[in-house]
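Reviewing the structure listed below.
The values are calculated or read from the model by the stated rules, or taken from the named source; none is laboratory data. All of these numbers come straight from a predicted model, not from anything done at the bench. Cβ: placed from backbone, ideal geometry, glycine included. Neighbour counts: every protein chain shown. Ligands, DNA and RNA are excluded from the accessible area calculation, which covers all protein heavy atoms including side chains. Shrake-Rupley method; radii C 1.70, N 1.55, O 1.52, S 1.80 Å.
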Amino acid sequence: MSDVEETITRVHHEEWARVVASLTKRFGDLDIAEEAAAEAFATAVERWPDIGVPPNPGAWLTTTANRKAIDRLRRENKRDDKHKEAQMAYDDPPEPLGVIDDERLRLIFTCCHPALSMETRVALTLRMVGGLTVPEIARAFLVQETAMGQRITRAKAKIKAARIPYRVPDAEDLPQRVSGVLTVLFIVFNEGYLATGPDTDPVRHELTSEAIRLTRLIRALMPNDGEVAGLLALMLLTEARRTARVSASGELVPLDQQDRGSWDAAMVAEGHRLVRERLAAGVAPGRYQILAAINAVHTSARDVRDTDWSQVVALYGQLVRVDPSPIVELNRAIAVAELDGPEVALATVDRLSEKLDGYHAYHATRADLLRRMGQSQQARAAYDKAIELAGNTAETAYLIRRRDQLAAGPSEAS
């Protein structure tokens, strides 16, 4: 990949949401915003290798996208409302900015309107704000790509037809809207933390840092909301380990093998402080607060051998009651293996086979438990299935090495 191509890829990660948000603000139409932004980036791919990268790539892309949007409106039929929409690009009348003037945050709240189903809110925001591709979003939801594309198209049409406003809601409306927004930010963060696609960097810092930035803005809007604080703490305690998660050779480094001295101490400290604040509040914690507490236990241990696994298992038991999903059960089983042994954990994991058979982490977990039990042949088969399903290059490299080490070891006892 040339330097210009690398720059365009980086700029796309950094500027996509800002360009789409700017166009949405001007034209009030998500379809126009997305298509014009995509055309602007396509023009950059075509022209920048010849003219060079502009001094301010974001401004160049925004200007180009605005022109593309105006051209599209002029090409369409000449009804008065279309002329008015095009005129907005020149007049750009002022509008109330609300408590926080952040275009991407306003775009998130637009996409997370309660008129849309929760899954649709999440999918649309991942596309419009996170810049994730439709295949990436489909993988996050474990659905077909065509179905996800149709869902996103219908959501944009509904926002346009219902004239859903592009703004941060009033204070009294925030509690109704914030749950979907937090879900979106959590999924955006997870895609950055461990990318699902084979053609992207295994860790996408631009997504994790943007998710943290936006969560901080929401915390400023809702300083007393426990789940907002919990999500921010969870993100910080996870992001603190980012540089230790991929080896120099591009292989995933699991938590128990990471260099804990390379973790970001300031992020860990801030995450721990937020967790302590929520504990002191004496309010029953929600999903993100419990996940943050689990991560606080992990990041409190100076060595993996010092981890308080009984506390981790207890917290997962609490999480199962709040969020009884098979993935939570799977993660709880991983912790149970450290307390009660792999045989006990495997019994739980195997009960999840019907629900999680298409999930690579399920097969990777089974493979590790079987390896620890000395069941080499079954472990190899589970590793093969995990490798087949995994999309992240760093994770795939790790799984291949673990499988090949197993193959090179002593044969399974009869």
*asked:* Just to compare against my own numbers: the Cα pair-distance distribution for the stretch 4-44, 10 Å bins, whole % per bin, please.
replied: 32, 51, 16, 1
*Where the centre of each part is set by its Cα atoms, how far does the stretch 1-37 sit from the stretch 348-378, in angstrom?*
41
*Please find, in a Gaussian network model of the chain (springs between Cα atoms separated by less than 10 Å), the residue of Arg402, Arg167, Arg302 whose mean-square fluctuation is greatest.*
Arg302
*Could you list which residues have their amide H under 5 Å from that of Ala390, counting only those 5 or more apart in sequence or on another chain, with H placed in the peptide plane?*
none
*Could you give the Stokes-Einstein D for the chain in µm² per second, using the C-alpha Kirkwood radius, 10 °C, 1.306 mPa s?*
68
*Compare the Cα positions of Ala269, His298, Gly358 along the charge dipole of the chain (+1 at Cβ of Lys, Arg; -1 at Cβ of Asp, Glu; about the Cα centre) and return the one farthest towards the positive end.*
Gly358
*Taking the chain as a Gaussian network, where each spring joins two C-alpha atoms under 10 Å apart, which residue of Glu270, Glu172, Glu119 fluctuates the most?*
Glu172
*Among Leu255, Leu274, Leu61, which one moves the most in a GNM of the chain with springs linking Cα atoms closer than 10 Å?*
Leu255
_Using only DSSP helix segments of four residues or longer, with each worth -39500 (n - 2.57), what per-residue ellipticity at 222 nm results for the chain after dividing by its residue count and rounding to 500?_
-23000 deg cm²/dmol
*Note down, for the stretch 96-170, the three equivalent ellipsoid semi-axes (square root of 5 times each alpha carbon gyration tensor eigenvalue), biggest first, whole angstrom.*
23, 13, 9
*the stretch 286-414, accessible surface, carbon-and-sulfur percent (1.4 angstrom probe)*: 47
_Let me spell out the model: positive unit charges on the Cβ of Lys and Arg, negative unit charges on the Cβ of Asp and Glu, origin at the Cα centre of the stretch 321-370. What dipole size does that give, in debye rounded to 20?_
140
*For Ile387, tell me the accessible area in Å² from a 1.4 Å probe, rounded to the nearest 10.*
30
*In Å², what does the accessible area per residue of the chain work out to with a 1.4 Å probe?*
48
*Within the accessible area of the stretch 1-73, what % is carbon and sulfur when the probe is 1.4 Å and the other protein chains stay in place?*
46
*Simple Cβ-charge dipole of the chain, Lys/Arg +1 and Asp/Glu -1, about Cα centre, in debye nearest 20*: 740
*Determine the order of Asp264, Asp259 by accessible area, beginning with the largest, at a probe radius of 1.4 Å.*
Asp259, Asp264
*Give me the distance between the Cα centres of the stretch 239-305 and the stretch 381-399, rounded to whole Å.*
24
